[in-house]
Amino acid sequence: MRHEVLSEPNRLVIDLENTVFGGSSAQGSSRAIGPVAGWRAGLFLMGRSRIVLDLSRPVLVQRTDFVRQGPHVRLVIQLRAASAEEFSRRVEEDQRRRLASRVPEGRAVPRPAGAKPLVVLDPGHGGIDPGASGPKGEAEKEIVLAVARLVRKQLEADGRVEVQMTREDDRFISLAERVTFARNRSAALFVSLHADSLFGEADVRGASVYTLSDRASDAAAARAAEKENRADVAAGLDAPEDQREGVDDILFDLARRETRLFSQLAARGVAQSIQRAGRLHKTPLRSAGFRVLRAPDMPSILVELGYLSNVDDLQALMQEAGRQKLAQGLAAALLDFVLNNRIAISAKPLE
Ligand SMILES: [Zn+2]
């Protein structure tokens with residue numbers, strides 16, 4: 001077992017190797033108890049489970065004990081109050097250790113000549129991070145994985161593109177790892193799949209397609225990005241750790257501008273295609289600062305498939321027929337984009 005603290009916001013992370021939490025035990029709560037404002041637990045990496053405690057005041061671990069109780073093992077963690085200075089000193093120590101053990105980022109491997117263009121599907125959230133949820137606990141992470149599988153099936157049946165997924169099961173993957181996964185494989189298009197929920201706004205419905213922009217297209221888009229960007233924080237990652245902005249260089253800037261144009265083109269195609277399936281948000285094409293769309297050289301879009309807070313959307317997203325319809329619309333648009341813009345994507349910036 002390992003534990004560490006993080007700041008902004010203050011969290012205590014407990015990692016347990018070779019551990020899977022029991023099936024029916026609670027996976028989190030936002031009820032405040034003492035210095036703990038809320039907590040989540042779940043699978044973090046294969047064979048490693050994680051508990052994240054949100055802290056309302058600085059505390060550190062005093063001692064930990066495993067207590068066997070019949071068939072169960074109880075983990076008892078004693079917390080003690082700490083000063084703000086002591087807490088931030090520990091945050092820095094933990095961060096230094098984490099950075100030292102970091103695996104360096106891979107390099108993009110060009111696709112072999114004659115290879116089919118690659119589409120990377122990125123089902124959002126997973127493991128310890130459930131994403132949005134519906135009124136009966138319907139989980140975004142499960143819905144988007146199911147739809148991604150259907151899209152892959154459609155694309156593979158067509159046979160003209162290759163498909164890979166950033167995750168194929170219920171595991172956590174950081175936002176940066178998702179982007180790196182696709183960039184290292186020189187994907188022609190990166191498609192992140194999500195579903196939103198806006199409780200108190202039950203009439204908001206339909207799919208939206210997002211691209212990256214420095215300034216959000218509207219307040220709701222900004223809110224959506226802020227929510228999706230929180231995934232790493234929810235899973236107990238250090239937010240600034242992978243914040244690596246691009247070089248300030250003119251060629252880089254041109255590449256990035258071209259990538260954004262292609263992303264917008266892909267987004268438009270997807271929105272039109274979903275519209276034919278009949279479930280689009282009233283302003284379906286929007287943009288905001290999604291971290292998962294930040295690759296400077298790979299067209300990237302994020303699709304919010306619908307709202308778990310809307311009765312009609314939820315019904316469509318929970319039923320096989322509704323998922324199929326969405327997947328068909330998506331697959332048709334992705335194929336069209338990747339096959340018809342293939343030469344342009346691999347060309348150098350023209351402007
Ligand atoms: Zn999401």
Inset, instruction - Please enumerate the residues belonging to the range 120-150 that are near the ligand (Cβ under 10 Å from one of its atoms) and among the acidic types (Asp, Glu). - result: Asp129, Glu140
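Quick one: is Leu261 away from the ligand (no atom under 13 Å from the Cβ) and either at pLDDT 90 or above or in a helix (DSSP H, G or I) (or both)? Explain how you work it out, then say what you get.
Values: away from the ligand (no atom under 13 Å from the Cβ): yes; either at pLDDT 90 or above or in a helix (DSSP H, G or I) (or both): yes.
In short, yes.
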Legend entry - Residues located in the range 1-16, provided they are surrounded by 20 or more Cβ atoms within 10 Å (Cβ to Cβ) and part of a loop (DSSP other than H, G, I, E, B): Asn10
Inset, instruction - Could you grab the pairs with beta carbons closer than 7 Å, sequence gap of 6+ or different chains, first residue in the range 131-150 and in contact (Cβ under 8 Å) with a residue 12 or more places away in the chain, second one assigned to a helix (DSSP H, G or I) and near the ligand (Cβ under 10 Å from one of its atoms)? - result: Gly131/Glu140; Gly131/Lys141; Ala132/Glu140; Ser133/Glu140
Legend entry - Residue satisfying condition, being touching a strand residue (DSSP E or B) at 6+ places or on another chain (Cβ under 9 Å), closer than 23 Å to Ala267 by Cβ and surrounded by fewer than 18 Cβ atoms within 10 Å (Cβ to Cβ), within set Arg149, Arg160: Arg149
Inset, instruction - Determine whether Pro58 is closer than 30 Å to Glu177 by Cβ and assigned by TED's automatic domain parsing to the domain that holds Pro9. - result: yes
Inset, instruction - State which residue is nearest to Arg152 (Cα to Cα) when the search covers only the range 179-210 and only residues that are within 16 Å of the ligand (Cβ to nearest atom) and of a type in the set (S, T, N, Q). - result: Ser192
Inset, instruction - Go through the residues of the range 236-243 one by one and say whether even a single one is touching a strand residue (DSSP E or B) at 6+ places or on another chain (Cβ under 6 Å), hydrophobic (A, V, I, L, M, F, W, C) and either within 16 Å of the ligand (Cβ to nearest atom) or at pLDDT 95 or above (or both). - result: no
Inset, instruction - Can you give me the number of residues within the range 280-312 that are over 29 Å from Asp214 (Cβ atoms) and either crowded, with 21+ Cβ neighbours inside 10 Å or under 22 Å from the mean Cα position of the chain (by Cα) (or both)? - result: 1
Inset, instruction - Tell me which of these Gly124 doesn't satisfy, since it passes every other one: (1) within 19 Å of Glu8 (Cβ to Cβ); (2) in contact with a Gly (Cβ under 9 Å, 6 or more places away or on another chain). - result: (1)
Legend entry - Residue satisfying all of: in the range 90-100; over 23 Å from the mean Cα position of the chain (by Cα) and loosely packed, with under 14 Cβ neighbours inside 10 Å; modelled with the lowest pLDDT among these: Ala100
Legend entry - Residues of the range 44-74 that turn out to be aliphatic (A, V, I, L, M), more than 16 Å from Leu12 (Cα to Cα) and within 28 Å of the chain's Cα centre (by Cα), as a count: 2
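The values are calculated or read from the model by the stated rules, or taken from the named source; none is laboratory data. Please read these numbers as outputs of a predicted model, since none were measured by experiment. So basically every Cβ, Gly included, is an ideal-geometry build from the backbone, and we count neighbours across all protein chains shown.
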